[in-house]
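Q: Before I ask anything, here is the structure I am working with.
The values are calculated or read from the model by the stated rules, or taken from the named source; none is laboratory data. Remember, it's a predicted structure, so these values are computed and weren't measured experimentally. Every residue, glycine as well, gets a Cβ built from its backbone with ideal geometry; the counts of neighbours run over all protein chains shown.
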Amino acid sequence: MSCYTFHPFTGSNLLPLGFSCTSAETSNNNEKVKIFINNDWHESKSGRKFATYNPSTLEKICEVEEGDKPDVDKAVEAAQAAFQRGSPWRRLDALSRGQLLHQLADLIERDRAILATLETMDTGKPFLHAFFVDLEGCIKTFRYFAGWADKIQGRTIPTDDNVMCFTRHEPIGVCGAITPWNFPLLMLAWKLAPALCCGNTVVLKPAEQTPLTALYLASLIKEVGFPPGVVNIVPGFGPTVGAAISSHPQINKIAFTGSTEVSPLCEAAGKDSNHGRFLEKLKCCLLLFF
């Protein structure tokens, strides 16, 4: 079992005085390293796991359940059920959705040091950067979209005839999200917060190099009281989980941030589907909208 003891703001980790963390503590008795579907923790259908490493020391932090297409199918089924009309999530009014997002931001603030530590262990970035940049941005993102939840409104448009013309905004449905390794929690917040703000459900794949903060956030989502199936997190690899999300016919929109090498694979996997796609290629600062 790996054990990390960090010194006061010295070295590459820059963690607080006396802070220590074991792999058992990180995984909370091995629960927070599993697949998160329907507000519950699941082992992978294949039974496979993959290791995540501290890049600054090359020590293994823990093993995480390795998702595959059957796990994505299960997650999408849960997200679809949560999006059905009459479900607890669809019956929730916009103000209440915003309150849930505010409460999630409160819990992230409460566990900020834990999340920053996990981010430091997983990415190798300095603790001060994770604490004051990544976590600060994550909290502000959830609060920003919490404020928008009850302000997404339609319009009444004057017409010359005896006709009432109005617009009404509706959630898209099940959204797939694929996040990168460099800002794992912050990029997750950029995708998850607006989707939930608008009433969508989400199936998310964190980067296989840095899955721990996403899985910890899943426990906070459950603690806040989001209905089952609203947020589902399937850790795994791009050619399996990423491809399954990108090509899934029941996913209505894809949001991807990653490398220029992987982005074409995401495009190719989703070419026969009719969902919208947002692809952000990190190396060339290119945004593609489909």
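Q: Return yes when residue 255 is under 30 Å from residue 93 (Cα atoms), among the hydrophobic types (A, V, I, L, M, F, W, C) and at pLDDT 90 or above and no when it is not.
A: yes
Q: State which residue pairs qualify: first residue over 13 Å from residue 98 (Cβ atoms) and inside the stretch 139-163, second residue of a type in the set (Ser, Thr, Tyr) and at pLDDT 90 or above in any location, beta carbons under 7 Å apart, and separation of 6 or more residues or different chains.
A: Sorted first by the residue in the stretch 139-163, then by its partner, the pairs are 154/167; 155/167.
Q: Tell me which residues, restricted to the stretch 226-246, are β-branched (Val, Ile, Thr) and buried (at least 24 other Cβ atoms within 10 Å of the Cβ). Write out each step before concluding.
A: If we filter the stretch 226-246 for residues that are β-branched (Val, Ile, Thr), which is where we start, we get 230-231, 233-234, 240-241, 245.
Within the stretch 226-246, 230, 231, 233, 234, 241, 245 qualify.
Q: Checking residue 211 against (1) in contact with a Gly (Cβ under 6 Å, 6 or more places away or on another chain); (2) crowded, with 22+ Cβ neighbours inside 10 Å, only one condition comes out false. Which one?
A: All conditions pass for residue 211, except number (1).
Q: Would you please name the residue that is surrounded by the fewest Cβ atoms within 10 Å (Cβ to Cβ), looking only at residues in the stretch 31-63 that are part of a strand (DSSP E or B) and of a type in the set (A, V, I, L, M)?
A: The selected residue is 51.
Q: Pairs, please: C-beta under 6 Å, at least 6 apart or cross-chain, first residue over 20 Å from residue 203 (Cα atoms) and in the stretch 38-62, second part of a strand (DSSP E or B) and among the charged types (D, E, K, R)?
A: Matching pairs, first to second residue: 51/60; 51/63; 53/60.
Q: Could you list, in sequence order, the residues of the stretch 135-179 that are touching a strand residue (DSSP E or B) at 6+ places or on another chain (Cβ under 8 Å) and in a loop (DSSP other than H, G, I, E, B)?
A: Listed by number, the residues that qualify are 154, 155, 158, 159, 164, 167, 172, 173, 179.
Q: Considering only the stretch 185-218, state which residues are out of contact with any helix residue (DSSP H, G or I) (no Cβ under 8 Å at 6 or more places or on another chain) and within 14 Å of residue 111 (Cβ to Cβ).
A: 215, 218
Q: Something else about it: On the basis of being charged (D, E, K, R), under 24 Å from residue 56 (Cα atoms) and in contact (Cβ under 8 Å) with a residue 12 or more places away in the chain, does residue 134 make the cut?
A: Yes; evaluated as a whole, the condition is true for this residue.
Q: Residues 220, 215, 185: which one is aliphatic (A, V, I, L, M), in contact with a Cys (Cβ under 7 Å, 6 or more places away or on another chain) and either more than 20 Å from residue 138 (Cβ to Cβ) or modelled with pLDDT of 95 or more (or both)?
A: Working: 220 fails: in contact with a Cys (Cβ under 7 Å, 6 or more places away or on another chain); 215 fails: in contact with a Cys (Cβ under 7 Å, 6 or more places away or on another chain).
Just a single option satisfies the conditions, and that option is 185.
Q: Within the stretch 110-120, does at least one residue satisfy the condition of being of a type in the set (Gly, Ala, Ser), touching a residue at least 24 places away in the same chain (Cβ under 8 Å) and under 29 Å from residue 72 (Cα atoms)? Explain how you work it out, then say what you get.
A: We begin by selecting, within the stretch 110-120, every residue of a type in the set (Gly, Ala, Ser); these are 113, 116.
Then keep just the ones that are touching a residue at least 24 places away in the same chain (Cβ under 8 Å); that gives 113.
Those still in the list that are under 29 Å from residue 72 (Cα atoms) too: none.
Looking for residues that are of a type in the set (Gly, Ala, Ser), touching a residue at least 24 places away in the same chain (Cβ under 8 Å) and under 29 Å from residue 72 (Cα atoms), one finds none in the stretch 110-120, hence no.
Q: I'd like to check which helices (runs of 4 or more DSSP H) are fully inside the stretch 71-134 and have at least 2 residues that are of a type in the set (A, V, I, L, M) and under 23 Å from residue 49 (Cα atoms).
A: Output list reads 112-123.
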